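The values are calculated or read from the model by the stated rules, or taken from the named source; none is laboratory data. Worth saying up front: this structure is predicted, and the values here are computed from it rather than measured. Don't worry about glycine lacking a Cβ; one is built from the backbone with ideal geometry, like all the others, and counts go over all protein chains shown. Side chains are part of the model used for accessible areas, which takes the heavy atoms of the whole protein and leaves out ligands, DNA and RNA. Shrake-Rupley method; radii C 1.70, N 1.55, O 1.52, S 1.80 Å.
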Amino acid sequence: MLAFIDESGDPGMKNIGQSSSKYFAVTLVLFEDDEEAMAADQRIELLKRELGFGPQFEFHFTKLKPAFRKAFLEAVAPYSFFYFSIVVNKAKLFGPGFKFPDPFYKYTCGLVFENTKPYLSNTIVVIDGSGDRKFRLQLQGYLKKRINDSADGKQYIKKVKMQDSRSNNLLQLADIVCGAVARCYSGKADAEEYRKIISHREIFVQFWPK
């Protein structure tokens, strides 16, 4: 079982809606079957060629034209993955702990995993390692401790590892899915278009706090 995590927006709390995003979203994409994950990976690689991009091209929701976003989501929609997201309404957060981006980010990731927990078993979790390495290492330990520390003794997370999203198509999948979910709360004309394409892959999206 493989899980890939990415985020949309930022965990900053200063000047919400101006210098920092109004919402902060984290998405977990889950593959129960490793072979299906490999097939989806290969399909994304083929899509790069179909769209005229080089092998080093990295799919980012915010940097893609609408037509390319749709092409990506339509290409991966047939594959057996599922996703869980949380969209945090930062304007309604209170408490000193939310003022610090790193703890806020870890806490939000923890909420996503709590929602996903019933579906996890010996899962290898992949996170983008291109950011601050020290923080990413702390996130590894935090997730394993929070999710595996259970009275039932079950190992929900087997391993948390870091990989560069530039060379991992399935981290790019998590980015696009997270972008599609976050777009729903943007108020823009195409807000619902992208998420509809993969609606059959959605298990749970939490908007918090309401």
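With respect to K48, determine if the residue is more than 16 Å from the chain's Cα centre (by Cα) and open to solvent by 90 Å² or more (accessible area, probe 1.4 Å).
Considered against the rule, which asks whether it is more than 16 Å from the chain's Cα centre (by Cα) and open to solvent by 90 Å² or more (accessible area, probe 1.4 Å), K48 comes out as no.
Are there any pairs, at least 6 apart or on different chains, whose C-beta atoms fall under 8 Å, with the first in segment 142-156 and farther than 12 Å from E114 by Cα and the second in a loop (DSSP other than H, G, I, E, B) and not aliphatic (A, V, I, L, M), and if so, which?
K154/S121; Q155/S121; Q155/N122
Pull out all pairs, ordered by first then second residue, where Cβ-Cβ is under 6 Å, the residues are six or more apart or on different chains, the first lies in segment 57-73 and is without any contact (Cβ under 8 Å) to a residue 12 or more places away in the chain, and the second is open to solvent by less than 40 Å² (accessible area, probe 1.4 Å).
Qualifying pairs under 6 Å: F57/K48.
What is the number of the single condition among (1) in contact with a Ser or Thr (Cβ under 6 Å, 6 or more places away or on another chain); (2) surrounded by fewer than 17 Cβ atoms within 10 Å (Cβ to Cβ) that G95 does not meet?
(1)
Just checking, how many residues over segment 62-92 are under 18 Å from L111 (Cα atoms) and open to solvent by less than 10 Å² (accessible area, probe 1.4 Å)?
Number satisfying all stated conditions: 7.
Given (1) of a type outside the set (K, R); (2) open to solvent by less than 60 Å² (accessible area, probe 1.4 Å); (3) more than 17 Å from A3 (Cα to Cα); (4) not in a helix (DSSP H, G or I), identify the lone condition not met by F104.
Answer for F104: the failing condition is (4).
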